[in-house]
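Below is one structure, written out as structure tokens; comments come after it.
The values are calculated or read from the model by the stated rules, or taken from the named source; none is laboratory data. Remember, it's a predicted structure, so these values are computed and weren't measured experimentally. A quick note on method: Cβ atoms are made from the backbone with ideal geometry, for glycine too, and the neighbour counts reach across all protein chains shown. For accessibility, only protein heavy atoms count, side chains too; no ligands or nucleic acids. Shrake-Rupley method; radii C 1.70, N 1.55, O 1.52, S 1.80 Å.
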Amino acid sequence: MQPADPTQTIALIQNITHQAINPLNGVIGTLDNLIDGTIKGERRDQRIKSARAQLEYTVSLIRNLAYFAQYGTSSTAEPKFKTTKVCVIPQLLIEAAQFFQEQAAHNDIRFEVKDRSNQTSVHGDPELMRQIFMNLFDNYAKYGESNSIVEIKHWIQKKTNCLIIEFSGESTPFSNEEDIFALGVRGKHAEEKTSAGSGLGLHICRLIIERLFKGTISANYVNSKRLAYFEIRIPHAFATERQNG
Amino acid sequence: MDNNKVLVMDDEPHVLDWLSDYLAENGYECTFARNVAEAVEQLRASTFRMLILDLNVPAPGEYGTAIKAKGDLFTVYRGLYVAEIARGMGYRGRQVIVYSVHDVDEVRTQTDRMSVSYVTKGRPRSFKKEIDDVLSFDPTSNR
């Protein structure tokens, strides 16, 4: 689970540094514009909100590093949830999607969470589940095709009581032979699309799902439809009552 | 010449609102290119008052091969390729700003050779000063 050699570690650190500095640079630039009066009037509020979103995004990147440090080494004892917290899936999906709405809109990509009233749930830390969803949305925001919709469906399979969450959207292709969840892996096409990828986000998704939720995550690219699918399966799912009518 | 147009090459334009705001406040309009191919296409289609080029951008297709042939420095800092093409098209060194995350000696040697400006990310005030310097210079005066 750890980087195989120092070169890989250095490449990973370089990628993450690059990915974190860009939004921070955006925030500093916006603050400087606010101070020197470049941004005036109604745009001030909009730019302040954008700066906040950029900072939150940077924090989510750093969280990936923290989760990697916590769960990413083979020496770590088998982690367990300490609490009886519940992840209500549609709520967490919507929160994560909203976070990337602006960035996705920049690329004419729309996120569509289906079956919002179906309160599929699993036991576990919602913070960790949100991080998984954020990493997947981040992936689509970066590699998704312009003028496309990313659909997210979630349901409980009656026979197995498994929660299934399926993401599908037009995206930069990847090879089905390649383990895109491995640490530091970035596909050839992904590198041609953007330099902004760490090779850590999908790895964290797999770590959290397998080690903490005892589930699985898989990815599949269908060339004929140009669709990238991600499927998460987590056992022992249940439905909760809706809290707000 | 489209005197109010600035070409910005960066694969993350959503974090560059601050730059387009600053340029707009000074009367300039940004055209964004997300990679080497889009930037070269823009350079062929229009003339710009200034070019602001991220060095770490993707180089899809044939450009990846062409850049590799130019050696390791260009392969890592692909924006240098666009800067070189721009200089070859007649853009003056003072019209071209390139930037990267860190200040790298080898890159500075190359940018000095090309006579283009080189700045680092995370220091918008010095970036803005560089832009002001470029815009205070009239490239048509002795072209």
Query raised in the report: All but one of (1) of a type in the set (Gly, Ala, Ser); (2) within 19 Å of the chain's Cα centre (by Cα); (3) farther than 28 Å from B:VAL36 by Cβ hold for A:GLY197; which doesn't?
Result: (3)
Query raised in the report: Counting only residues that are under 26 Å from B:TRP18 (Cβ atoms) and open to solvent by 30 Å² or more (accessible area, probe 1.4 Å), which one in region B:46-70 is farthest from the other protein chains (Cβ to nearest Cβ)?
Result: B:THR47
Requested in this report: Kindly list the number of the only condition in (1) within 18 Å of A:THR216 (Cβ to Cβ); (2) surrounded by 15 or more Cβ atoms within 10 Å (Cβ to Cβ) that fails for A:ASN176.
Outcome: (2)
Report task. Scan region A:143-173 for residues that are in contact with a Gly (Cβ under 9 Å, 6 or more places away or on another chain) and open to solvent by 20 Å² or more (accessible area, probe 1.4 Å) and jot them down. Result -> A:TYR143, A:GLU145, A:ILE149, A:GLU151, A:CYS162, A:GLU170, A:PRO173
Report task. Determine the pairs where a residue that is more than 7 Å from every other protein chain (Cβ to nearest Cβ), located within region B:5-24, has a partner that is of a type in the set (Phe, Trp, Tyr) and part of a loop (DSSP other than H, G, I, E, B) with Cβ atoms under 8 Å apart, the partner being 6 or more residues away or on another chain. Result -> B:LYS5/B:TYR28; B:LYS5/B:PHE48; B:VAL6/B:TYR28; B:VAL6/B:PHE48; B:LEU7/B:PHE48
Query raised in the report: Of all helices (runs of 4 or more DSSP H) completely enclosed by region B:65-143, which ones contain at least 3 residues that are under 14 Å from the mean Cα position of the chain (by Cα)?
Result: B:79-88, B:105-114, B:124-135
Query raised in the report: For A:ARG211, are the conditions met, namely being among the charged types (D, E, K, R) and open to solvent by 40 Å² or more (accessible area, probe 1.4 Å)?
Result: no
Report task. Determine which single condition B:THR31 fails, assuming it passes every other condition in (1) among the polar types (S, T, N, Q); (2) in a loop (DSSP other than H, G, I, E, B); (3) out of contact with any His (no Cβ under 9 Å at 6 or more places or on another chain). Result -> (2)
